[in-house]
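Contents: one structure, followed by commentary.
FYI, it's all coordinate maths here, none of it is from the lab. The structure displayed is predicted, hence computed values, not measured ones. As a convention, Cβ positions derive from the backbone with ideal geometry for all residues, glycine included, and neighbour counts pool all protein chains shown.
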Amino acid sequence: MGLHFKNPVGLAAGLDKNGECIDAFGAMGFGFVEVGTVTPRPQDGNDKPRLFRVLPAEGIINRMGFNNHGVDALVENVKKAKYEGIIGINIGKNKDTPLENGKDDYLICMDKVYDHAGYIAVNISSPNTPGLRSLQYGEALDDLLSSLKERQNKLAEEKGKYVPLALKIAPDMTEDELVQVADSLVRHGIDGVIATNTTLDRSLVEGMPHAHEAGGLSGRPVQNKSTEVIRRLNLELNGKLPIIGVGGIDSVMAAKEKMMAGAELVQVYSGFIYHGPRLVKDIVRNI
């Protein structure tokens with residue numbers, strides 16, 4: 001993506017939704033911190049309870065629903081941060097924005113975060129905003145990527161600074177759908193891909209406490225699924241753009257598996273919840 005990372009281990013989006021703890025996460029050893037997902041306007045997200053631990057599997061189910069204070073508040077927090085590493089800003093659409101107008105929300109966010117982001121992550125793969133994942137496919141994806149790329153080029157020219165775009169995708173796509181996404185990413189000149197978001201699949205946690213709850217499942221149960229998506233994407237992309245690997249990284253070996261599958265960088269979230277800051281230092285030291 002044309003960026004220099006202090007180390008290849010980042011914090012995945014979702015933990016610091018409003019950019020309030022950037023310096024603290026930086027001090028824990030993360031080589032980059034991704035904040036958000038942020039939307040143009042503040043929103044409360046889904047009703048509570050909306051976050052559940054699946055303890056036997058070291059998994060987490062969430063249906064947060066992009067709860068955040070809005071893009072303006074996040075930008076103010078990012079401006080205050082003293083962290084010297086790369087800050088990625090993950091952008092999404094408001095729940096009450098009609099899907100056909102969804103790209104407008106991404107463009108609004110892009111305009112506002114561009115000056116303050118090391119890279120911009122485009123989240124079209126959360127399962128907790130109705131219809132959002134449909135933006136990953138066909139004409140809807142091409143239309144979104146074309147608009148984002150056009151705006152990126154315009155902003156780069158205006159501001160004399162190029163901020164890379166990365167698309168965050170779901171782990172639940174078929175092989176054909178993955179091939180089409182890879183083709184779209186290359187055709188539109190997108191700078192990176194983040195693989196993957198949470199899964200709707202419950203096969204590895206069936207019968208466990210909270211496994212029936214609606215939402216996206218993260219942590220160890222998504223580990224192999226996300227690694228397979230990375231491996232397949234890597235074959236399709238053939239080095240044309242970098243992959244950021246995320247999903248169930250809870251050990252040095254899990255991080256290495258993502259990188260062997262084709263990821264150049266990795267991100268942690270659920271593993272950090274279960275194993276604490278030591279996990280970050282262990283991976284950085286041994287990767």
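Overview of results
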{"read-out": "Where Cα atoms sit under 27 Å apart: lysine pairs in segment 1-137 separated by 8 or more or lying on different chains", "value": "27"}
{"read-out": "Three-way shape label, segment 192-287, alpha-carbon gyration tensor, a/c 1.5", "value": "oblate"}
{"read-out": "Farthest positive-ward along the chain dipole, Cα basis, beta-carbon charges - from LEU217, HIS275, LEU99", "value": "HIS275"}
{"read-out": "Calculated FRET efficiency for the pair LEU200/ALA27, C-beta based, R₀ 45 Å, to 0.05", "value": "0.85"}
{"read-out": "Potential extension, ARG187-GLU84 segment - 0.36 nm per residue separation minus Cα distance", "value": "33.8 nm"}
{"read-out": "In order through segment 220-232: 3J(HN,Hα) via Karplus (6.51 cos²θ - 1.76 cosθ + 1.60), integer Hz, x for Gly, Pro", "value": "3, x, 9, 4, 5, 4, 5, 5, 5, 4, 4, 4, 5"}
{"read-out": "Overall form of segment 39-153 per C-alpha gyration tensor (a/c, 1.5; a/b vs b/c)", "value": "oblate"}
{"read-out": "Cα gyration tensor, segment 1-74 - rounded (a/c under 1.5), prolate or oblate", "value": "oblate"}
{"read-out": "Euclidean distance of C-alpha centroids, segment 113-155 and segment 1-54, integer Å", "value": "18"}
{"read-out": "Spin-label pair ALA214/VAL252, simplified geometry with 7 Å Cα→Cβ offset, distance in nm", "value": "4.3"}
{"read-out": "Computed lengthening from ASN153 to LEU99, 0.36 nm per intervening residue step minus Cα-Cα distance", "value": "17.0 nm"}
{"read-out": "Peptides 169-181, 239-251 ordered by average Cβ neighbours within 10 Å, highest first", "value": "239-251, 169-181"}
{"read-out": "Ranked packing of 109-117, 73-81, most packed first, by mean Cβ within 10 Å", "value": "109-117, 73-81"}
{"read-out": "For segment 179-244, alpha-carbon Rg relative to the globular expectation (2.2 N^0.38 Å, N residues)", "value": "1.34"}
{"read-out": "Value in Å of the Kirkwood radius, where segment 128-217 supplies the Cα pairs that are averaged", "value": "15.0"}
{"read-out": "Within segment 237-252, backbone nitrogen closer than 16 Å to the virtual label 7 Å beyond the Cα of GLU175 toward Cβ", "value": "237"}
{"read-out": "Relative intensity, log₁₀ I(q)/I(0), of the chain from a Debye sum that treats every alpha carbon as a point, q = 0.11 Å⁻¹", "value": "-0.57"}
